[in-house]
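Presented below is the structure to which this report refers.
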Amino acid sequence: MLKLEDLSCGYDTNLVLKGVSFNLNQGENLCVLGSNGCGKTTLIKAISGLLNYSGSIKLFDKEVKNIKPQELGKSIAVLSQNSNIYFSYTIFDTVMLGRYLHLPNSIFVKPDKTHADYVLHCLETVGIADLKDREISTLSGGQMQKVFLARALAQEPKIIILDEPSNHLDIKSQMELFTFLNDWTKDKKHTVISVLHDISLAVNFFDNGILLKDGKIIFKGNLKSLTMEDLLVTYDFDVLKYLIDLNKPLKEIYNVQKQI
Ligand SMILES: Nc1ncnc2c1ncn2[C@@H]1O[C@H](COP(=O)(O)OP(=O)(O)OP(=O)(O)O)[C@@H](O)[C@H]1O
């Protein structure tokens, strides 16, 4: 479904990604890990059609740079690190922004009841239907994340891409978000790609991952086969002190840490 071959891209003279290749099938989820500045957000921007690139990014066999933004928006929804709303929209209207790609004449048509019902369905799915008439500027960071997830769902995308989605979320909300995203991919039609800094979250919720270092992939595959050496190379730092055993669920890791 998504196939990257020898992808290189960056900003002006700053080449960030250098020959990145991987495949992702429908129903798979992929976590992108790596230290600050290694190119994770740049990878997301390239996949979502925001950067020029050399090499190839194929989405359902079509080269991403040749797909019109409106079409791309029906396939990919992005929750960026800086998802922001600068106007005083209600939650309902904010989520409706995700529907406009599906309207025949875009913003000049008042959405009919089908679209309004779909927005309500998305709000209910993420558990914030009761907030629908509130102004977005009055929400907490965590509530706002849920609004952006609802807006992403309203696009009816095939892929949701998240850049550090656990920002602003308490531990319960993080678990709820990743459980929801896991369930969302279970129909084998949807795919999640997420940038994460929390390795425990990554190992617990994602089957596959890539580790980026200076714009190159140094590990790809099942995160259960990740070694401490891989992490040491990625972060130039001994994460062993903080991660007791990558194969243990979070609960056990925390229990062990408590005993130390
Ligand atoms: N718009 C831009 N113009 C020029 N350079 C940029 C731009 N955006 C990012 N960069 C540079 O590209 C490199 C990769 O940035 P990127 O945002 O992809 O890193 P990242 O892995 O997502 O980092 P972080 O974990 O800190 O979010 C960095 O050196 C950054 O300074």
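Computed quantities for the displayed model
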| item | result |
| --- | --- |
| Any pair with Cβ under 6 angstrom, 6 or more apart, that starts in the range 163-174 at a residue that is touching a residue at least 60 places away in the same chain (Cβ under 8 Å) and at positive phi and ends at one that is within 16 Å of the ligand (Cβ to nearest atom) and part of a loop (DSSP other than H, G, I, E, B) | Glu164/Gln81 |
| Residue match in the range 194-204 (condition: within 14 Å of the ligand (Cβ to nearest atom) and of a type in the set (Gly, Ala, Ser)) | yes |
| Hits in the range 37-55 - residues which are of a type in the set (Val, Ile, Thr), under 18 Å from Ala152 (Cβ atoms) and within 10 Å of the ligand (Cβ to nearest atom) | Thr41, Ile44 |
| When residues of the range 95-125 are limited to those that are β-branched (Val, Ile, Thr) and surrounded by 14 or more Cβ atoms within 10 Å (Cβ to Cβ), the one farthest from Gln174 (Cα to Cα) | Val119 |
| The range 126-136 - residue that is touching a residue at least 40 places away in the same chain (Cβ under 8 Å) and either basic (Lys, Arg) or crowded, with 16+ Cβ neighbours inside 10 Å (or both) and, of those, farthest from Val147 (Cα to Cα) | Arg134 |
| Index of the failed condition, Asp214 passing every other in (1) out of contact with any helix residue (DSSP H, G or I) (no Cβ under 8 Å at 6 or more places or on another chain); (2) more than 30 Å from Gln155 (Cα to Cα); (3) at pLDDT below 90 | (3) |
| Any chance Ile47 is closer than 30 Å to Ser140 by Cα, modelled with pLDDT of 95 or more and surrounded by 13 or more Cβ atoms within 10 Å (Cβ to Cβ) | yes |
| Checklist (1) in contact (Cβ under 8 Å) with a residue 12 or more places away in the chain; (2) away from the ligand (no atom under 16 Å from the Cβ); (3) more than 27 Å from Lys188 (Cβ to Cβ) applied to Asp93, failing item | (1) |
| Among the candidates Leu181, Leu201, residue that is within 21 Å of Lys45 (Cα to Cα) and touching a residue at least 24 places away in the same chain (Cβ under 8 Å) | Leu181 |
| Which numbered condition Asp12 misses (of (1) touching a residue at least 24 places away in the same chain (Cβ under 8 Å); (2) within 13 Å of the ligand (Cβ to nearest atom); (3) over 18 Å from the mean Cα position of the chain (by Cα)) | (1) |
| Filtered residues of the range 15-29 (kept if in contact with a helix residue (DSSP H, G or I) (Cβ under 6 Å, 6 or more places away or on another chain) and away from the ligand (no atom under 15 Å from the Cβ)) | Gly27, Asn29 |
| Set Val32, Val64: member being surrounded by 19 or more Cβ atoms within 10 Å (Cβ to Cβ), more than 10 Å from the ligand (Cβ to nearest atom) and of a type in the set (Val, Ile, Thr) | Val64 |
| Breaking point among (1) within 16 Å of the ligand (Cβ to nearest atom); (2) on the phi > 0 side of the Ramachandran plot; (3) modelled with pLDDT under 90, for Ser80 | (2) |
| Given (1) free of Cβ contacts under 8 Å to residues at least 60 places away in the same chain; (2) within 14 Å of the ligand (Cβ to nearest atom), index of the condition Lys58 fails | (2) |
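The values are calculated or read from the model by the stated rules, or taken from the named source; none is laboratory data. Worth saying up front: this structure is predicted, and the values here are computed from it rather than measured. When we count neighbours, we look across all protein chains shown, and the Cβ atoms used for this are built from the backbone with ideal geometry, even at glycine.
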